[in-house]
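The values are calculated or read from the model by the stated rules, or taken from the named source; none is laboratory data. Predicted, not measured: the structure shown is a model, and the values here were computed from it. Methodologically, a virtual Cβ is constructed for each residue, glycine included, from the backbone with ideal geometry; neighbour enumeration extends over all protein chains shown. Each accessible area value is taken on the protein alone, full model and side chains, heavy atoms only, with ligands, DNA and RNA left out. Shrake-Rupley method; radii C 1.70, N 1.55, O 1.52, S 1.80 Å.
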Amino acid sequence: MHKAHPLTRALLLAACALACLPGITSAQEQIAAAVSTVTSGIPGVVASGTRIELIKEGFSGTEGPVALPDGSFAFTETQAARITRIAPDGSTSTLLDNTNGANGLGFGAHGELYAVQVLQPRVGIIYPPERAKTLVDKFEGAPFGRPNDLVVSQLGHVYFTDSGANRPAPGAASATATAKAEPTPPNKPAVYRIGNDGSVKRLANDIERPNGIQLSPDEKVLYVANTAGEYVLAYDLADDGTVGPKRNFAKLAGYRQTDNGWSSGADGLAIDSRGRLYVASSVGIQVFSPEGQPLGVIALPKPPQNIAFAGPGKRTLYVVGRGAAYKIATIASGYSARAK
């Protein structure tokens, strides 16, 4: 980041005691809350009984967590069009505002902050100001629906998901009907790559709701969370940039019928230094081996939306979702060669 915005190394601890949780009126609720505020052990990942520490609640659209260059932490408040920073003492401040609804974040090799943006759908660099620019806002002449998440490779390729346009609000159809001209329909949900030469390629458009996206440590596998599906998907990446066929990588717990159809709630993804994949889902943070075998679940007070390792040695897993931010001390360390 720019010198005008000095960043700190880690967050100060914030207690999240069971007694402080509101609305606990029954023994069943107390047991559920207790399970949600300490973790079960996952060998090599997290020790049994580790506290899930609430940092703060009341945020507006929690997404896009990322380790900042000095090891501290930031995330997006998409609905408020800002990026929020949490200092080591637990205080919060605005790192960047007027972000055009920035959602997923990533850093380039020279400190450029990349973001998918949802108010005017596009992908670009939003910081530092002198390097800010739009990389892509259309594909084959049609706009994106709702760019969701991204990951920047060490070669400078930007992989991102477009989850598709949100369903129109009540009354939107009649408003559209009275408009003078119909807008160009957005592209259907898809996964894209912006090459380090600026070229844009659609990698897949057969996923119901592509959401979180991540690369393996060796950057030979691309992972995609499908919110509407039962599996995290994977694609093998060749050295020349070509993509292998889609395959089911890991089966998700919690796949169920909802008001909006079948869903696993699969959202943000994180990777650790051993290549284990972490998936924010409706049941918590699901952890898988590099081969896709389930290792365990970290249950949380609220369903998580996105996750990232940060802090000294990247040994803290930060979680954002439903207006709240948490942190969990881990045995595992996040992959150090990328911001996320």
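For this structure, a couple of remarks:
- Exactly one residue among Y278, Y326 is in contact with a Pro (Cβ under 9 Å, 6 or more places away or on another chain) and either aromatic (F, W, Y) or open to solvent by 50 Å² or more (accessible area, probe 1.4 Å) (or both), and that residue is Y326.
- Selection count, the range 74-91, where residues are assigned to a strand (DSSP E or B) and open to solvent by 50 Å² or more (accessible area, probe 1.4 Å): 1
- Subset of the range 214-228 [open to solvent by less than 10 Å² (accessible area, probe 1.4 Å) and among the hydrophobic types (A, V, I, L, M, F, W, C)]: L215, L222, V224, A225
- The range 315-339, residues that are outside any loop (DSSP other than H, G, I, E, B) and hydrophobic (A, V, I, L, M, F, W, C): L317, V319, V320, A324, A325, I328, A329
- Hits in the range 116-146 (condition: open to solvent by 10 Å² or more (accessible area, probe 1.4 Å), in a loop (DSSP other than H, G, I, E, B) and hydrophobic (A, V, I, L, M, F, W, C)): V118, L119, A132
- Just one of the listed residues (S336, S273) is open to solvent by 50 Å² or more (accessible area, probe 1.4 Å) and farther than 27 Å from Y192 by Cβ, namely S273.
Here's the yes/no breakdown for (1) in contact with a His (Cβ under 8 Å, 6 or more places away or on another chain); (2) more than 26 Å from Y192 (Cβ to Cβ); (3) surrounded by fewer than 16 Cβ atoms within 10 Å (Cβ to Cβ):
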{"residue": "E230", "(1), (2), (3)": "no, no, no"}
{"residue": "D236", "(1), (2), (3)": "no, no, yes"}
{"residue": "G311", "(1), (2), (3)": "no, yes, no"}
{"residue": "T316", "(1), (2), (3)": "no, yes, no"}
{"residue": "A332", "(1), (2), (3)": "no, yes, no"}
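- Residues of the range 197-213 that turn out to be touching a residue at least 60 places away in the same chain (Cβ under 8 Å), open to solvent by 30 Å² or more (accessible area, probe 1.4 Å) and either on the phi > 0 side of the Ramachandran plot or within 15 Å of the chain's Cα centre (by Cα) (or both), as a count: 1
- Matching residues in the range 114-146 - criterion: being β-branched (V, I, T) and under 16 Å from N196 (Cα atoms): V123, I125, T134, V136
- For first residues located in the range 143-156 and modelled with pLDDT of 95 or more, partners that are open to solvent by 20 Å² or more (accessible area, probe 1.4 Å) and outside any loop (DSSP other than H, G, I, E, B) and lie 6+ apart or on another chain with Cβ distances below 8 Å form the pairs F144/R122; F144/K138; P147/R122; L150/Y114; V152/F107; V152/Y114.
- Matching residues in the range 284-321 - criterion: being among the β-branched types (V, I, T) and in contact with a Pro (Cβ under 8 Å, 6 or more places away or on another chain): I285, V287, I307, V319, V320
- Only listed residue being free of Cβ contacts under 8 Å to residues at least 60 places away in the same chain and in contact with a Ser or Thr (Cβ under 8 Å, 6 or more places away or on another chain), chosen from R322, R315: R315
- Test for G104: is it under 20 Å from Y318 (Cα atoms) and assigned to a loop (DSSP other than H, G, I, E, B): no
- Residue list for the range 37-71, restricted to those being of a type in the set (D, E), open to solvent by 20 Å² or more (accessible area, probe 1.4 Å) and touching a Phe, Trp or Tyr at 6+ places or on another chain (Cβ under 9 Å): E53
- Unmet criterion (only one of (1) open to solvent by 10 Å² or more (accessible area, probe 1.4 Å); (2) within 23 Å of T316 (Cα to Cα); (3) hydrophobic (A, V, I, L, M, F, W, C); (4) out of contact with any Lys or Arg (no Cβ under 7 Å at 6 or more places or on another chain)) for L113: (1)
- Test result for G296, farther than 22 Å from T76 by Cα and surrounded by fewer than 18 Cβ atoms within 10 Å (Cβ to Cβ): yes
- Residue within the range 278-293 that is farther than 21 Å from N103 by Cβ and aliphatic (A, V, I, L, M) present: yes
- Matching residues, the range 238-270, being basic (K, R), loosely packed, with under 15 Cβ neighbours inside 10 Å and under 20 Å from A204 (Cβ atoms): R247
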